[in-house]
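Coordinate-derived values only; no laboratory data. These figures come from a predicted structure and were not determined experimentally. So basically every Cβ, Gly included, is an ideal-geometry build from the backbone, and we count neighbours across all protein chains shown.
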Amino acid sequence: MPLDHRRLRGPEESQPPELWAAGTGGVPEKEEEEDAAPQDPCALRPLFARAGLLSQAEGSAYVELGGGTKVLCAAWGPREAAEPGAAAAVGGGRLLCEFYRAPFAGRGARRRPGSAAERDAEREAAAALREALEPAVRLARYPRARLAVSALLLQDGGSALAAAISAAALALADAGVEMYDLVVGCALCRSPGPAAAWMLQPGEPEERRAVARLTVALLPALNQVSAVLGGGQGSPPDDWAQALRLGLDGCHRLYPVLRQSLLRASRRRDAAAAAATTTTA
């Protein structure tokens, strides 16, 4: 007997899916944010870093911050520059940086994926990434060559640019690129109010309400700042100096985690090479 495909069989009565959403209980997102416990301004979010994930890239790294920020980076090079004359004129190689945001990276109202505003934001983040990484890479050792770094933001839980800077530096080091030191990124923001304090590694809700933002990139072993990015409403110079000191301290505290991640990746690579040599013999 043929089936009737012209009608959609379903229950006679239905209920909205919000009633069955796990863990929400029908509570709006704004109320959840207001009920959340305040974060310690000087506390760092838990950091997970792993290098050497992608076999298709010469170097790769994955960085995740507690609260939902997830960044995956890949690095390639050195390769022959498309314009050798331009690379030789500046006395070294070129560093090309790309930053992409996954369509599912954010929650709530966001820019439409593929829109002009989204592309402008990605280009701005890529330029900031290059500005933070170039002082750490020994480009003079790669004349007439180019190095490429691509960062993909899988989930935006706040402090995305700082996480991308750390992940990109880790990917370059994993690729064997000569560097002066790893670049560590740390983000800060300040909430509205005359007595508001700067907060280290803010989450996405704090960044959305912030009136001033700052991202510090540091070479901890050399104690040199490679980039200071950000801006916001005017405040006394002492407040910005305090934010800079707080960001530098956060970079120094994050540095051991990234360094240990790079050492573990090197040990895994050596162990895999030794196992392959034993199997061949």
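Based on the mean of other Cβ atoms within 10 Å per residue, sort peptides 168-176, 270-278 so the most packed one is first.
168-176, 270-278
Rounded, prolate or oblate: pick one for region 198-258, where a ≥ b ≥ c are the square roots of the eigenvalues of its C-alpha gyration tensor, a/c under 1.5 means rounded, and failing that, prolate if a/b is larger than b/c, else oblate.
Oblate.
7 Å from Cα along Cα→Cβ at both Leu53 and Ala197: what's the point-to-point distance in nm?
Here the answer is 3.3 nm between the modelled labels.
Using θ = phi - 60° and the Karplus form 6.51 cos²θ - 1.76 cosθ + 1.60, what ³J(HN,Hα) does each residue of region 121-130 get, whole Hz, x for Gly and Pro?
5, 5, 5, 5, 5, 5, 5, 5, 5, 5
For region 153-226, rounded, prolate or oblate, judged on the Cα gyration tensor with a ≥ b ≥ c (square roots of eigenvalues), a/c < 1.5 rounded, else prolate if a/b > b/c?
It is oblate, given that a/c is not under 1.5 and a/b is not larger than b/c.
For Gln155, list long-range residues whose amide hydrogen, built 1.01 Å from N in the peptide plane, is under 5 Å from its own amide hydrogen.
Residues meeting the criterion, in which the H sits 1.01 Å from N, are Lys70.
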